[in-house]
Amino acid sequence: MSKPISKPPNIDFTGSIPALYDEFLGPVIFTPYAEDLTARVRSRLTAGRLLETACGTGLVTRALDRALPPDVRIVATDLNEAMVTYARSRVPPAARLEWRTADAAALPFPDASFDAVVNQFGLMFVPDKALAFREARRVLKGGGSLVFNVWDRMEDNPFARIAHTTIGSFFRTDPPTFYQVPFGFNDRTGLEGHLRAARFNDISLETVKKDLRASSARAFARGLVEGNPVVAAIRDAGVSGADVVDAVAQALIREGGDAPFRSTMCAVVGTARA
């Protein structure tokens, strides 16, 4: 019997979102943490099979492909088929790369079939988080590594706080809550509880702060608004996307300047062994 798909409702990563996400958000907020995760994986894995869940636009996949030894085979997966298609288009064909559409909470792989599992900023979107951790543990071989990150609190990530509050100010009622999802799964006690319940050991949860630098506040604002599923709520409400981008850009400038825009960001990076 197949397991239910755990796709969160009303989160659409299709259309132009992946390309805008990759162009305006990838280099600014995701690449620094992709490099961090890749370094942690490289220190743990010299050969074998690696599974990436929630690969998104393939930013981490590309970093892993560049950095890992040739004896590591990579299976990159995402629940959203459009994202997998986009991610595959961004990477030259390679014998060691395999792409699959797969739910992180219902992985279509046998028990103990991977030496490492990596997930960048994807677990926050899985409704059944405990099941996602159990699935990662199930497909890992004994001694295999789980390496993941999640965003820290919105208060510790000024760009997210600014985007969330500024976008919300355009709505008289029912402002979009999308930003609360990626920045709402960072309680260390809860994370450790999930990992222990899934039978992981050697657990580490590290607060990792990074400098944030964007070429311009306006380009970054466009990514935060248009390269993001929140844009669907803006369009559905008949709100001018251009006006929202302008407002977010002005708020960012007040926070960290214009060109370049400078700020800080913070994530929780977790590692554990099966």
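When the stretch 166-180 is limited to residues that are in contact with a Pro (Cβ under 9 Å, 6 or more places away or on another chain) and in a helix (DSSP H, G or I), the one that is modelled with the lowest pLDDT turns out to be Phe178.
Within the stretch 246-256, which residues are of a type outside the set (Asp, Glu), open to solvent by 10 Å² or more (accessible area, probe 1.4 Å) and in contact with a helix residue (DSSP H, G or I) (Cβ under 7 Å, 6 or more places away or on another chain)?
At the first step, the residues of the stretch 246-256 found to be of a type outside the set (Asp, Glu) are 247-254, 256.
After this cut, where a residue has to be open to solvent by 10 Å² or more (accessible area, probe 1.4 Å) as well, the list is 247, 250-251, 253-254, 256.
Across the stretch 246-256, the qualifying residues are Ala247, Ala251, Ile253.
Contact map, the stretch 71-88: first residue closer than 18 Å to Leu107 by Cβ and part of a loop (DSSP other than H, G, I, E, B), second residue of a type in the set (D, E, K, R) and at pLDDT 95 or above, Cβ cut-off under 7 Å, separation 6 or more or different chains; pairs are Leu79/Asp103.
Quick check on the stretch 137-144. Is at least one of its residues open to solvent by less than 20 Å² (accessible area, probe 1.4 Å), of a type outside the set (A, V, I, L, M) and under 14 Å from Phe121 (Cα atoms)? Show your work before the answer.
Let us first name the residues in the stretch 137-144 that are open to solvent by less than 20 Å² (accessible area, probe 1.4 Å), namely 139-140, 144.
After this cut, where a residue has to be of a type outside the set (A, V, I, L, M) as well, the list is 144.
Of the ones still in play, those that are also under 14 Å from Phe121 (Cα atoms) are none.
So far as the stretch 137-144 goes, no, none of its residues is open to solvent by less than 20 Å² (accessible area, probe 1.4 Å), of a type outside the set (A, V, I, L, M) and under 14 Å from Phe121 (Cα atoms).
In this entry, Val75 passes the filter for residues that are open to solvent by less than 10 Å² (accessible area, probe 1.4 Å) and within 25 Å of Gly26 (Cβ to Cβ).
When you check Phe185 against the structure, is it farther than 23 Å from Pro127 by Cα and either touching a Phe, Trp or Tyr at 6+ places or on another chain (Cβ under 8 Å) or part of a loop (DSSP other than H, G, I, E, B) (or both), yes or no?
It is false that Phe185 is farther than 23 Å from Pro127 by Cα and either touching a Phe, Trp or Tyr at 6+ places or on another chain (Cβ under 8 Å) or part of a loop (DSSP other than H, G, I, E, B) (or both).
Working carefully through the options Ala54, Ala102, find the one that is on the phi > 0 side of the Ramachandran plot and either touching a residue at least 40 places away in the same chain (Cβ under 8 Å) or not charged (D, E, K, R) (or both). Break it down stepwise before answering.
Details: Ala102 fails: on the phi > 0 side of the Ramachandran plot.
Just a single option satisfies the conditions, and that option is Ala54.
Just checking, which of Val147, Val225, Val231 is in a strand (DSSP E or B), under 26 Å from Asn80 (Cα atoms), out of contact with any Phe, Trp or Tyr (no Cβ under 9 Å at 6 or more places or on another chain) and not polar (S, T, N, Q)?
Numbers: Val225 fails: in a strand (DSSP E or B); Val231 fails: in a strand (DSSP E or B).
Only one candidate qualifies: Val147.
The lone criterion from (1) among the small types (Gly, Ala, Ser); (2) surrounded by 18 or more Cβ atoms within 10 Å (Cβ to Cβ); (3) closer than 22 Å to Arg137 by Cα left unmet by Ala87 is number (3).
Listed here are the residues, each with its yes/no results for (1) among the basic types (Lys, Arg); (2) in contact with a Ser or Thr (Cβ under 9 Å, 6 or more places away or on another chain); (3) surrounded by 21 or more Cβ atoms within 10 Å (Cβ to Cβ).
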| residue | (1), (2), (3) |
| --- | --- |
| Met83 | no, yes, yes |
| Ala94 | no, no, no |
| Ala102 | no, yes, yes |
| Pro108 | no, yes, no |
| Ala112 | no, no, no |
| Asp115 | no, yes, yes |
| Asp128 | no, yes, no |
| Ala132 | no, yes, yes |
| Glu135 | no, yes, yes |
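Which ones in the stretch 94-144 are of a type outside the set (S, T, N, Q), assigned to a strand (DSSP E or B) and closer than 16 Å to Asp78 by Cα? Can you show your working first?
Going residue by residue through the stretch 94-144, those that are of a type outside the set (S, T, N, Q) are 94-100, 102-112, 114-118, 121-144.
Restricting the remaining residues to those that are assigned to a strand (DSSP E or B) gives 97-100, 103, 106, 114-118, 140-144.
Within the stretch 94-144, Leu97, Glu98, Trp99, Arg100, Asp103, Ala106, Val117, Val118 qualify.
Return yes when Val239 is outside any helix (DSSP H, G or I), of a type outside the set (S, T, N, Q) and closer than 18 Å to Phe171 by Cα and no when it is not.
Working: outside any helix (DSSP H, G or I): yes; of a type outside the set (S, T, N, Q): yes; closer than 18 Å to Phe171 by Cα: yes.
Spelling it out, Val239 is indeed outside any helix (DSSP H, G or I), of a type outside the set (S, T, N, Q) and closer than 18 Å to Phe171 by Cα.
Each residue in the stretch 158-193 was checked for being open to solvent by less than 30 Å² (accessible area, probe 1.4 Å), free of Cβ contacts under 8 Å to residues at least 12 places away in the same chain and touching an Asp or Glu at 6+ places or on another chain (Cβ under 7 Å), and 0 pass.
Just to check your reading of the model, which residue among Asn157, Asn119 is under 19 Å from Gly56 (Cα atoms) and modelled with pLDDT of 95 or more? Even if it seems obvious, please write down each step before you answer.
Working: Asn157 fails: under 19 Å from Gly56 (Cα atoms).
Criteria check complete, one pass: Asn119.
Residues are listed down the side, and each one gets a yes or a no for (1) touching a strand residue (DSSP E or B) at 6+ places or on another chain (Cβ under 8 Å); (2) among the aliphatic types (A, V, I, L, M); (3) modelled with pLDDT of 95 or more:
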| position | (1), (2), (3) |
| --- | --- |
| Arg40 | yes, no, yes |
| Leu50 | yes, yes, yes |
| Leu68 | yes, yes, yes |
| Arg73 | yes, no, yes |
| Val91 | yes, yes, no |
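The values are calculated or read from the model by the stated rules, or taken from the named source; none is laboratory data. From a predicted model like this one, the values you see are computed outputs, not experimental measurements. Virtual Cβ from ideal backbone geometry, glycine too; neighbours counted across all protein chains shown. Please note that ligands, DNA and RNA were not included when accessible areas were found on the heavy atoms of the full protein model with its side chains. Shrake-Rupley method; radii C 1.70, N 1.55, O 1.52, S 1.80 Å.
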